[in-house]
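This report concerns only the one structure given below.
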Amino acid sequence: MAEFKPVESQITADTLVVGGGIAGMTTAIETAEVGKKVILLEKNPSIGGRVATSFQYFPKLCPPTCGIEINLKRIRVSPHIRVLTLAEVESVSGTAGDYEVKIKLTPRYVNEKCTACGECEKVCEIERDNEFNYGLDKTKAIYLPHLMAYPPRYVVDPKSAGDERMKKCAEACEYGAIDLDMQPQTITAKVKALVWATGWKPYDATKIDNLGFGQYKNVITNVIMERYASKNGPTDGKIARPSDGKEITRIGFVQCAGSRDENHLPYCSAVCCLASMKQATYVREQYPEAEIHLFYIDVRSPGRMEDFYTKVQQDEKFFFHRGKVGKVTEKTDSGNIVLFAENTLTGEVVETEVDMAVLATGMVPNTVDAAPPLETELDEFGFIAPDGDKGVISAGVASRPLDVAASIQDATGAALKAINVGRRS
Ligand SMILES: Cc1cc2nc3c(=O)[nH]c(=O)nc-3n(C[C@H](O)[C@H](O)[C@H](O)COP(=O)(O)OP(=O)(O)OC[C@H]3O[C@@H](n4cnc5c(N)ncnc54)[C@H](O)[C@@H]3O)c2cc1C
């Protein structure tokens, strides 16, 4: 069982997987299911990565619970996987087959006795921004990261751990699970192979100053749309205009927001066209009569995803406009958003007024903030170079922009590479 017990100062495994998103989970499971020991290390309080934050995922439009829950079950029952959350690699030394890794564990302030009963949360008087919902709402300072969180255990916001008022939460816990004196810990792991599955973050839309994000309330991004649509999101799943809660009659999706643009992200993130089409289905579900306008340079729906594109095109009120949105303004009287797009074939500028707009921003690899160790080669955009002959093995979006199915395939390949490192050593 992948149980949670106090962590010893020295641990060993065949493979260390860094990043507990769908890719890291897959690598860990595939490695463990051939009998190899794995440490799965996640910097957040729970695993699941960005997929856990989506409402549904294409092509089948299933909720993340489908894919993630199956994997969580495989992790839960595995005798070979050790999950460490709130954990980050501090340093790595050694060579393939014999690495020594220093891991920093940030205190959770809640120990393994937690049953997630929620009594502590009820009495908690302090609030914090909920980063799971991109800061759109609040949680208590002691919180369960989200409904599917694994480990299913509360966590205390480190900024509040020293606050006198938190003692009330500790007193409310009949299991003695809250320990506000918990200290950071550095442990050592001896492993044979290292897999980096650190995934992505959304491109910072405030940098695209012509598209109005951060300036107009009714301009949001695609990751925020996932949270609006989610039942455990800031609006309990209701998609409405952020400024005033107005129902949607016309909505615009702005493709390549910052992507394929020398000033921002020069590359294509491969999933944004399909993600917007998927989000259009969320809107259609709630508003059968709403007009949906999608502005694109060209639509990318590779392989069998073309079927999904063909299906949404049958919606008579879903309008595809060939054109890059170059300017966004707001009508001060109504709060409506006006999108100005130039048709890339005819040069004609089209003006479209909508209730709200969704910017399809791309994926930036987290490796740009924290480079992998051992002189791992990165490509010009910060993804782990596929042919690098030094450093760690990559999996999922740490390697390149990928959808979930492709991330899983990539992560399975990474598991095999890691097993081979172990066999050769
Ligand atoms: C708006 C949008 C919608 C999308 N919708 C779909 C969809 O419907 N269908 C689909 O197939 N794909 C979709 N995708 C793509 C999908 O999100 C990715 O394929 C998926 O997240 C890749 O998983 P991953 O594990 O590689 O990365 P992530 O999901 O980013 O997971 C990486 C994990 O690593 C952790 N981590 C990061 N750095 C460190 C560190 N230094 N130490 C420890 N842990 C770390 C992170 O906290 C995270 O848990 C969408 C993408 C976007 C932008």
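The values are calculated or read from the model by the stated rules, or taken from the named source; none is laboratory data. Predicted model, so just to flag it, every value in this text is computed and none were measured. Here Cβ is always computed from backbone atoms with ideal geometry, including for glycine, and neighbour counts include all displayed protein chains.
Only one entry in 359, 378 is closer than 20 Å to residue 279 by Cβ and either touching a Leu at 6+ places or on another chain (Cβ under 7 Å) or free of Cβ contacts under 8 Å to residues at least 60 places away in the same chain (or both), namely 359.
Out of 281, 206, which single residue is within 11 Å of the ligand (Cβ to nearest atom) and at pLDDT 95 or above?
On the way: 206 fails: within 11 Å of the ligand (Cβ to nearest atom).
Testing whether each residue is within 11 Å of the ligand (Cβ to nearest atom) and at pLDDT 95 or above leaves just 281.
Identify, please: which residue in region 137-153 is within 19 Å of the chain's Cα centre (by Cα) and among the hydrophobic types (A, V, I, L, M, F, W, C) and is, among those, modelled with the highest pLDDT? Result: 144. Taken over region 21-67, the criterion of being among the aliphatic types (A, V, I, L, M), more than 10 Å from the ligand (Cβ to nearest atom) and closer than 18 Å to residue 84 by Cβ is satisfied by 28, 29, 32, 38, 39.
Among the numbered conditions (1) under 24 Å from residue 370 (Cα atoms); (2) within 14 Å of the ligand (Cβ to nearest atom); (3) part of a loop (DSSP other than H, G, I, E, B), the only one that residue 262 does not meet is (2).
Would you confirm whether any residue within region 141-154 is charged (D, E, K, R) and crowded, with 20+ Cβ neighbours inside 10 Å? Looking for residues that are charged (D, E, K, R) and crowded, with 20+ Cβ neighbours inside 10 Å, one finds at least one in region 141-154, hence yes.
Considered as a group, the residues in region 25-80 that are outside any loop (DSSP other than H, G, I, E, B) and without any contact (Cβ under 8 Å) to a residue 24 or more places away in the chain include one that is nearest to residue 305 (Cα to Cα), and that residue is 62. Sort out which residues of region 302-315 are surrounded by fewer than 16 Cβ atoms within 10 Å (Cβ to Cβ), within 13 Å of the ligand (Cβ to nearest atom) and assigned to a helix (DSSP H, G or I), and write them in order of number. Answer for region 302-315, where residues must be surrounded by fewer than 16 Cβ atoms within 10 Å (Cβ to Cβ), within 13 Å of the ligand (Cβ to nearest atom) and assigned to a helix (DSSP H, G or I): 303, 304.
The requirement of being within 25 Å of residue 55 (Cβ to Cβ), part of a loop (DSSP other than H, G, I, E, B), in contact with a helix residue (DSSP H, G or I) (Cβ under 9 Å, 6 or more places away or on another chain) and among the small types (Gly, Ala, Ser) is fulfilled somewhere in region 281-301, by at least one residue. Meeting the requirement of 2 or more residues that are modelled with pLDDT under 95 and among the β-branched types (Val, Ile, Thr), the strands (runs of 3 or more DSSP E) wholly within region 316-425 are 349-354. The strands (runs of 3 or more DSSP E) found wholly in region 96-185 and carrying at least 1 residues that are assigned by TED's automatic domain parsing to the domain that holds residue 69, in contact (Cβ under 8 Å) with a residue 60 or more places away in the chain and over 30 Å from residue 221 (Cβ atoms) occupy 98-105.
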